[in-house]
Amino acid sequence: MLILASASPRRRELLAQAGFVFEVHPAHIPEDPQPGEEPVAYVTRLARAKAQAVFAQRSAGRAAGGGLAVLGADTTVTVDGQILGKPENAADAARMLRLLSGRSHRVITGVALVTAQRTAVAAEATAVRFLTLSDAEIEAYIATGEPMDKAGGYAIQGRAARWIPRIEGCYFNVVGLPLALVGALLEECPGITLIPHP
């Protein structure tokens, strides 16, 4: 049985899109970066912690966690060495969008797959280019509410798409789950099922 340790509707949609059969059991852990923590270390630490927490909860009472696989993930945006998580409020979203305006940044997702036999951890990075945004565009975008639960304050699959002329790397990573990387991890895990083709 595969369990997604995330409340993100985007991750749920992507995993379903890839054909996997799974349940959702969100993990509730603190997501603050540690002092001096690098972005890759940050997202892989959180992905592992989420997957391990849910595995511990769901494997209780099962024979050594048999047949259970828990997928954790965490995504961040980084620019100038700063980790940009989800905005705390509208002013924070505006700050992030001004940082991204007219330049490139990186989106990094850490993924972890925990089973009774092992824990596999990996990360994917994608470079994203933004057009220059006016204050009016930023204000109007924030008014839609879309930036508020997104790392870096934007959604590539939403209204912000019109400001992104190119990316280098995995598109799905920017949405929140690098499907090819996740698929490679799951291929090594027995008992994971796919929805059969009609």
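The table below lists the values:
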{"quantity": "Inter-residue pairs, beta-carbon under 7 Å, first touching a residue at least 24 places away in the same chain (Cβ under 8 Å) and in segment 85-101, second among the charged types (D, E, K, R) and in a helix (DSSP H, G or I), 6+ apart", "calculated": "86/149"}
{"quantity": "Residue within segment 44-56 that is over 16 Å from the mean Cα position of the chain (by Cα), among the charged types (D, E, K, R) and part of a helix (DSSP H, G or I) present", "calculated": "no"}
{"quantity": "Condition met for residue 66 (surrounded by 18 or more Cβ atoms within 10 Å (Cβ to Cβ) and either modelled with pLDDT of 95 or more or in contact with a Ser or Thr (Cβ under 9 Å, 6 or more places away or on another chain) (or both))", "calculated": "no"}
{"quantity": "Unmet criterion (only one of (1) over 21 Å from residue 162 (Cα atoms); (2) part of a strand (DSSP E or B)) for residue 105", "calculated": "(1)"}
{"quantity": "Within segment 26-43, tally of residues that are farther than 19 Å from residue 171 by Cα and buried (at least 17 other Cβ atoms within 10 Å of the Cβ)", "calculated": "3"}
{"quantity": "Segment 73-109, subset over 15 Å from the mean Cα position of the chain (by Cα) and over 18 Å from residue 146 (Cβ atoms), residue surrounded by the most Cβ atoms within 10 Å (Cβ to Cβ)", "calculated": "79"}
{"quantity": "Candidates 112, 116 - the one that is buried (at least 24 other Cβ atoms within 10 Å of the Cβ) and within 21 Å of residue 20 (Cα to Cα)", "calculated": "112"}
{"quantity": "Pick from segment 162-192, criterion in contact (Cβ under 8 Å) with a residue 40 or more places away in the chain, out of contact with any helix residue (DSSP H, G or I) (no Cβ under 7 Å at 6 or more places or on another chain) and under 15 Å from residue 106 (Cβ atoms), ranking: surrounded by the fewest Cβ atoms within 10 Å (Cβ to Cβ)", "calculated": "168"}
{"quantity": "Segment 139-158 residues that are under 15 Å from residue 175 (Cβ atoms), paired with ones that are of a type in the set (S, T, N, Q) (beta carbon under 8 Å, 6 or more apart)", "calculated": "151/75; 151/76; 152/76"}
{"quantity": "Subset of segment 45-55 (residues that are surrounded by fewer than 22 Cβ atoms within 10 Å (Cβ to Cβ) and under 23 Å from residue 79 (Cβ atoms))", "calculated": "45"}
{"quantity": "Members of segment 84-97 that are at pLDDT below 95 and either assigned to a helix (DSSP H, G or I) or within 30 Å of residue 118 (Cβ to Cβ) (or both)", "calculated": "85"}
{"quantity": "Number of positions in segment 141-166 that are of a type in the set (Val, Ile, Thr) and under 21 Å from residue 44 (Cβ atoms)", "calculated": "0"}
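Let's see how each residue does on (1) on the phi > 0 side of the Ramachandran plot; (2) in contact with a Lys or Arg (Cβ under 8 Å, 6 or more places away or on another chain):
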| site | (1), (2) |
| --- | --- |
| 101 | no, no |
| 133 | no, yes |
| 142 | no, no |
| 150 | no, yes |
| 163 | no, no |
| 169 | yes, no |
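The values are calculated or read from the model by the stated rules, or taken from the named source; none is laboratory data. Given the structure is predicted, the values throughout are model-derived calculations rather than measurements. Every residue, glycine among them, receives a Cβ derived from its backbone with ideal geometry; neighbour counts consider all protein chains shown.
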